[in-house]
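Here's the structure we're looking at; comments come further down.
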Amino acid sequence: MKTNKSNALKNQPIIDYIESIIEKDSVILVHERKLSTTRTIKTMEIGRLPDKVSRKYAANFLESEYYREDLWKVLTDKYARDTIARKWGKNDFTFSHELISNEYVKEVFFNPKTYEKKVIRRVFSFSDILYYDENQYALFSIRIAGNIVFSDSIEDALIIMKRKDGKWVMADKMQNNVFVNP
């Protein structure tokens, strides 16, 4: 799939994360509707980061080593009021992907015979990237469903990426509380 370089560069933290978790040459399904940045910030407030000692989920972002009040204010002032539903375009990523729409999901749900059950593929949803601490960190929400319709999320998290040697690498992952922040 041919991509627009500027769109791909803008989304490089997502691209680097996906390329670290999927097999090379895999084609993934990406839901065209972006997760809202408001939801991402809510995950930061109520989600849980793993405690590096006990390996249990303990602290939220506001209780973590990442939090600084001045940086938090800059982040929330810039991103917290994003309520406009936005969509991904076909040229937003350099990894192989197919965009699917809500209409497609509804069609599969109401006409399950049109969906090949043998070809169960995960569906990825992402928010836009939020940059934090003078662009030292790139944050985004990710939701991965087991397949198009017949599965709940198998992952719903905030990914914290940090630039290292010219590439974005995962620094942390915060689990979203889907009962409080659907």
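Of note:
- Strands (runs of 3 or more DSSP E) wholly inside region 74-162 containing at least 1 residues that are modelled with pLDDT under 85 and touching a Cys at 6+ places or on another chain (Cβ under 9 Å): none
- Of residues in region 1-25 being out of contact with any strand residue (DSSP E or B) (no Cβ under 9 Å at 6 or more places or on another chain), surrounded by fewer than 16 Cβ atoms within 10 Å (Cβ to Cβ) and among the polar types (S, T, N, Q), the one modelled with the lowest pLDDT: N4
- Among residues of region 29-38, those that are in a helix (DSSP H, G or I) and within 23 Å of K90 (Cα to Cα), counted: 1
- Hits in region 74-103 (condition: under 18 Å from K42 (Cβ atoms) and either exposed (fewer than 12 other Cβ atoms within 10 Å of the Cβ) or not basic (K, R) (or both)): V74, L75, T76, D77, Y79, A80, R81, D82, T83, I84, A85
- Residue check, E32 at pLDDT 85 or above, acidic (D, E) and buried (at least 16 other Cβ atoms within 10 Å of the Cβ): yes
- Count of residues meeting criterion [under 11 Å from E45 (Cα atoms) and modelled with pLDDT under 90] in region 59-73: 6
The values are calculated or read from the model by the stated rules, or taken from the named source; none is laboratory data. Here the structure is a predicted model, which means the values were calculated and not measured. With ideal geometry, Cβ positions are generated from the backbone for all residues, glycine too; neighbour counts draw on all protein chains shown.
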